[in-house]
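Undergrad: I have a structure here, written as C-alpha cells, and I will follow up with some questions on it.
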Amino acid sequence: NLKLFDDIYLKDEWVPVTNVNGQYYGTIDGQGHTIHDLTINQSGVSMVGFLVRQNDDNSQVANLNFANVNITGGTYTGVVAGGGEVIRNCHVLSGTVRGKTYVGGIVGDMYSEEVHNCTNKADISGESYIGGIIGRSYSDGYNISGCINSGSVTATGDYAGGISGYHGNVKDCENHGSVTGGNYVGGIIGRTTYSISTSH
C-alpha cells in the first residue's frame, strides 16, 4: 500500500508501477496531494499509466491529483492506470494523453467495480475507444459516476466519448470537452448497451 504525505515533483521519465506479475495489488491514498509532471513515452507498450494495472476489487486508488501530464502509450493507456478496478476522487488537472486503442484520461480499460468522482482536464487522443474518463468498460456495464471531463477527446477511428469511448453504466457525469471521431461518437459515451442517467 502507498500513502502520500506531500506533493511530488518528477524530473525524470516515469516507469509505470507494478508489483506482482505486471499488475499492482494494493491501495493508494494520495490524501489530496498532487503528482506533477508525470511523463511517460512508451508508444509501443500496452498498459501504460502511473500504474501498469490496478488489479484488486478490494483495494482502490483514491484522493490523488496529477498536474501537467505528458503520456504516450500504446494499447490501454491512462493517467492513473492502463487498466483499473476501483478509482475514486482522482483528478487530472492538465496535460496530454496519447495512445493507440483504449485510451482514457483516468484509465484506459475499466475491468470491474467503479470509477467515481474523478475529473479530467487533459486532452486525450488515439485511434479508437477513446474517452475523457475511460477508454472502455471491459464488460457488464461497470459504474462510472460523478465524473467530469473538460479536455478534448479525439479519435482517428471509431468509439469516442466525453466520459467513455465504449460501454459503462454512467450516472451523474458531465462532459464539457469537444469530442471528434469516426463512427460511434457521443458527448457522454461513443456506444453502449447499458444505462446513462442524469448526465449531460
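The values are calculated or read from the model by the stated rules, or taken from the named source; none is laboratory data. Values in this document were obtained by computation on a predicted structure and should not be read as measured data. Positions of Cβ are generated from backbone atoms using ideal geometry, with glycine treated the same way; all protein chains shown enter the neighbour counts. Quick note on the areas: whole protein, heavy atoms, side chains included, nothing else; ligands and nucleic acids left out. Shrake-Rupley method; radii C 1.70, N 1.55, O 1.52, S 1.80 Å.
Undergrad: Taking the stretch 52-80, which residues are at pLDDT 95 or above, closer than 25 Å to Ala155 by Cβ and open to solvent by less than 10 Å² (accessible area, probe 1.4 Å)?
TA: Of everything in the stretch 52-80, those that are at pLDDT 95 or above, closer than 25 Å to Ala155 by Cβ and open to solvent by less than 10 Å² (accessible area, probe 1.4 Å) turn out to be Phe66, Val69, Ile71, Gly73, Gly74, Thr77, Gly78, Val79, Val80.
Undergrad: Okay, moving on. Of the residues Val153, Val179, Val170, only one is open to solvent by 30 Å² or more (accessible area, probe 1.4 Å) and aliphatic (A, V, I, L, M); which?
TA: Val179
Undergrad: Go through Gly49, Gly95 for me and flag whichever is crowded, with 21+ Cβ neighbours inside 10 Å, of a type in the set (Gly, Ala, Ser) and touching a Gly at 6+ places or on another chain (Cβ under 8 Å).
TA: Gly49
Undergrad: Right, here's the next one. Collect the residues in the stretch 116-146 that are β-branched (Val, Ile, Thr) and in contact (Cβ under 8 Å) with a residue 40 or more places away in the chain, keeping them in residue-number order.
TA: The answer is Ile130, Ile133, Ile134.
Undergrad: Of the residues in the stretch 13-38, how many are modelled with pLDDT of 95 or more, open to solvent by 50 Å² or more (accessible area, probe 1.4 Å) and either within 16 Å of Gly78 (Cβ to Cβ) or out of contact with any Phe, Trp or Tyr (no Cβ under 9 Å at 6 or more places or on another chain) (or both)?
TA: Number of matching residues: 2.
Undergrad: Scan the stretch 50-99 for residues that are under 13 Å from the mean Cα position of the chain (by Cα), in contact (Cβ under 8 Å) with a residue 40 or more places away in the chain and part of a loop (DSSP other than H, G, I, E, B) and jot them down.
TA: Listed by number, the residues that qualify are Tyr76, Gly78, Val79, Leu93, Gly99.
Undergrad: I've got another one for you. What about Asn41, is it polar (S, T, N, Q), in contact with a strand residue (DSSP E or B) (Cβ under 8 Å, 6 or more places away or on another chain), open to solvent by 50 Å² or more (accessible area, probe 1.4 Å) and over 20 Å from Tyr111 (Cβ atoms)?
TA: yes
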